[in-house]
Structure formats: structure tokens, C-alpha cells
Amino acid sequence: MTTDLYYDYVNINAEYRTCEELYSVNKDFIHVAVAAIVNNKGEVLVSQRKQGSHLGGCWEFPGGKLEQGESLAAALSRELKEELDIEPLSTRPLIRIRHHYAEKSVLLDVWKIESYSGSPRGVEGQRIEWCAIDRLDHNVFPPADIPIINALLLPDRYLITGQFSTAADFENRLSAALHDGIELVQLRLTHQWLRTSTESQALEIVELCKSLCKQSSARLLFNVPEQLQPLTADGVHLNSKQLLKAKVRPDSGLVSASCHNRLELEHAQSIGVDFAVLSPVQKTRSHPDAQPLGWGAFHQLVDEINVPVYALGGLSADDIEQAWRSGGQGIAAIGALWK
């Protein structure tokens, strides 16, 4: 981790020469540095906007706009000192959001603050509170802040189940992943496996997966045939074909989608998915002929989308920080997480 908010991205992709090029900001947007300050209790610090101001009375994440010629790092440090009397020590990128209000357009550069010096207080007389992240109410935040809540609710690893031989093998693999701290699981039953399995065997895997995830308080999304989807899970994962057919967001709790290009990402955002998966970032053994995006193209696509996006394809846990630096939520993986 680092407090230098401009990482050295020069080597990510040859098309990007400087950090300024990679983090370009349209002059029509007001560039705002935003802090998601998280403690070890799973709480985030929020403050209430003063009555009479824009969106007065709403709760928000601390921060403020960059001054002329000011770097993002300097703006974040200054705003936290002025608003809360603290100084950030350990930070990382969380998400970037572009939002159009009737009177202005804003670009929120959101950074997760994992440690700081000082004791937060409302220096400007504003009300501040520590709130459990899973208790944040979307209705009391400005519309631009909603994707920040979604990003805070998601972990940095998204497990997609892979091949297995028997129910016992499935149980061993999933149990090991959950023991390793996996908090978000996509149950993916391939057509190949389903063709050689009975309905009772499929139901056994579904129920086993649900039980193991529940025991570990991990959230479970189904990527399974329609006849199995009525079985309760925390949500659904849409493949790219299902995504493009969807005119509205499925009424299924948490919703994620597989994307491979700008069109699919934009459609996923338009129907209101909670997060997306973009692939392939690197070459993969499962799809050796697929042209990888590379981190530069991944960042360029993700930077224009206001939903959290996981990087997928040829990645391991060692790539999580690279995903953050490229605008991603973290990594999604089969091979690296499905041991």
C-alpha cells in the first residue's frame, strides 16, 4: 500500500505514457477527491451535508474538489485535515464515478483509507458517524455515492467454481476456498457437467454449495440452468448472452454480469447490475485463442463505468493490487481460487 495516490502506471500498457494521460479528467467535470475511511470493525465514516448546501441533509463520504494545479494526493490529504483533522497513512484506489446532476457534473475519485493518524472530528461543525457498511441506506446518500457503497460491500476476490469429479471433491475444494477467506462465490455448473449428470446430482451440488456458503457467511450467486435458479441464493450471475437479452435488472438480489467489451459493460450499467466481470485480461488456458485485453485496455474500459468491475482471465491473488491500480474491484478467478 502507499499514500502516493498516483502509482507508476507507465509500464501497464505502451499506449499510456504518463499518469496524467491514464487519469485524464474531462474539463466539464468537477474533480472531487473522496475518502472511504474504514475501521477494523467493518464500519465506514460518513458525514452529513449542511442544510442549505447542494443536497443538504444527505449523508456522504468525506472529501472535496481539487484546487487549481493540485494533485489528487494533496487534495485528499488537505480535505481530510480540514474536515476531520486526520492524515491518511495507508490508502488504495476504490472506484471512480462520473455523475451528472442538473446543475453540475462530478467525477468522484474514491480512495479507501485503511489507516490514518489522528482522531476524526467534525472540524467544520458537520455531523459524523461510523456506520456498519452493510447497514448503509442508499436513500440518504446522493445518487453519485451509491456505487461507493456497492464497492465497499464487495470483497477483492470473486470465486467462480470450476471442475470437480464428485460431490466430495466439490466440498473439499469449496471448503478450502472458504477457509482461505473467500466471501463471494459464483456457482457455475457447465453444460458439459450437466450433460453427464442427473438432476438429483445437480441438486446435491446446489444444496451443498448453499450450505457451505451459509456456514461461512459467504454470499452465493447462481450461474446455473433456469430450472435450478428458483432455489434460493443471494443473487444471480448473468453470462454475456443473458445480459444482452435482459431489458431490466433481474429481481434476484445481488446481480453480476460477464462482460468482454464496452457495449456489454454499458448495458450492464444501464440495467443496474451490482457489479460486473471483465475478461479476458490475460491469456487463459481455458480460452487460448481469445485476445487478452491487457491492463491498459481494462483500465480504459472500467474507467468509463460507474459499477465495480472484477478483472478475470489468467490472474492470481498476486494481481489484486494491479487490478486496484487499474480501476478494478479486485480479481475473479477459477483456477487461482478453486484449488
Fill in the blank from the handout: If we keep only residues of the stretch 294-339 that are hydroxyl-bearing (Ser, Thr, Tyr) and farther than 16 Å from Asp109 by Cβ, then the residue modelled with the lowest pLDDT is Ser316
Exercise for the section: Determine, yes or no, whether Val32 is open to solvent by less than 30 Å² (accessible area, probe 1.4 Å), modelled with pLDDT of 95 or more, aliphatic (A, V, I, L, M) and closer than 16 Å to Ile133 by Cα. Expected result: no
Handout entry: Per-region count, the stretch 78-102, residues touching a strand residue (DSSP E or B) at 6+ places or on another chain (Cβ under 8 Å), in contact (Cβ under 8 Å) with a residue 24 or more places away in the chain and either closer than 27 Å to Val302 by Cβ or surrounded by fewer than 20 Cβ atoms within 10 Å (Cβ to Cβ) (or both)
Key = 16
Problem - Sole exception among (1) open to solvent by 70 Å² or more (accessible area, probe 1.4 Å); (2) under 27 Å from Ala167 (Cα atoms); (3) of a type outside the set (A, V, I, L, M, F, W, C); (4) modelled with pLDDT of 90 or more for Pro230, by number - result: (4)
Fill in the blank from the handout: The number of residues in the stretch 55-69 that are in a loop (DSSP other than H, G, I, E, B) and surrounded by 14 or more Cβ atoms within 10 Å (Cβ to Cβ) is 5
Exercise for the section: Take the residues in the stretch 300-339 that are out of contact with any Lys or Arg (no Cβ under 8 Å at 6 or more places or on another chain) and part of a helix (DSSP H, G or I), then tell me which one is surrounded by the fewest Cβ atoms within 10 Å (Cβ to Cβ). Expected result: Asp318
Exercise for the section: Look at Val281 and say whether it is over 24 Å from His99 (Cβ atoms), modelled with pLDDT of 95 or more, open to solvent by less than 70 Å² (accessible area, probe 1.4 Å) and touching a Gly at 6+ places or on another chain (Cβ under 6 Å). Expected result: yes
Fill in the blank from the handout: Checked the stretch 154-191 for anything assigned to a helix (DSSP H, G or I), surrounded by fewer than 20 Cβ atoms within 10 Å (Cβ to Cβ) and either of a type in the set (Val, Ile, Thr) or without any contact (Cβ under 8 Å) to a residue 40 or more places away in the chain (or both); matches are Ala168, Asp169, Asn172, Ser175, His179, His191
Completion exercise
Residue pairs qualifying under the 7 Å Cβ cut-off, at least six apart or on distinct chains, with the first in the stretch 115-127 being in contact (Cβ under 8 Å) with a residue 40 or more places away in the chain and the second being of a type outside the set (Ser, Thr, Tyr) and open to solvent by 70 Å² or more (accessible area, probe 1.4 Å), are Tyr116/Glu87; Tyr116/Leu89; Val123/Glu82; Gln126/Lys50
Exercise for the section: Check whether at least one residue in the stretch 130-139 is touching a Phe, Trp or Tyr at 6+ places or on another chain (Cβ under 9 Å) and either in a helix (DSSP H, G or I) or open to solvent by 60 Å² or more (accessible area, probe 1.4 Å) (or both), and report yes or no. Expected result: yes
Exercise for the section: Just need a number here: residues in the stretch 233-278 that are open to solvent by less than 50 Å² (accessible area, probe 1.4 Å), polar (S, T, N, Q) and farther than 24 Å from Gly294 by Cα. Expected result: 1
Exercise for the section: Report, by residue number, each residue of the stretch 103-121 that is open to solvent by 30 Å² or more (accessible area, probe 1.4 Å) and either small (Gly, Ala, Ser) or under 17 Å from Ala36 (Cβ atoms) (or both). Expected result: Lys112, Glu114, Ser115, Tyr116, Ser117, Gly118, Ser119, Pro120
Handout entry: Test: residue in the stretch 205-221 that is within 16 Å of Thr232 (Cβ to Cβ), part of a helix (DSSP H, G or I), open to solvent by 60 Å² or more (accessible area, probe 1.4 Å) and at pLDDT 95 or above
Key = yes
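The values are calculated or read from the model by the stated rules, or taken from the named source; none is laboratory data. Since the model is a prediction, treat every value here as computed from it, not as a measurement. Cβ sites come from the backbone with ideal geometry, for glycine too, and all protein chains shown count toward neighbours. These accessible areas exclude ligands, DNA and RNA; they are computed on the full protein's heavy atoms, side chains included. Shrake-Rupley method; radii C 1.70, N 1.55, O 1.52, S 1.80 Å.
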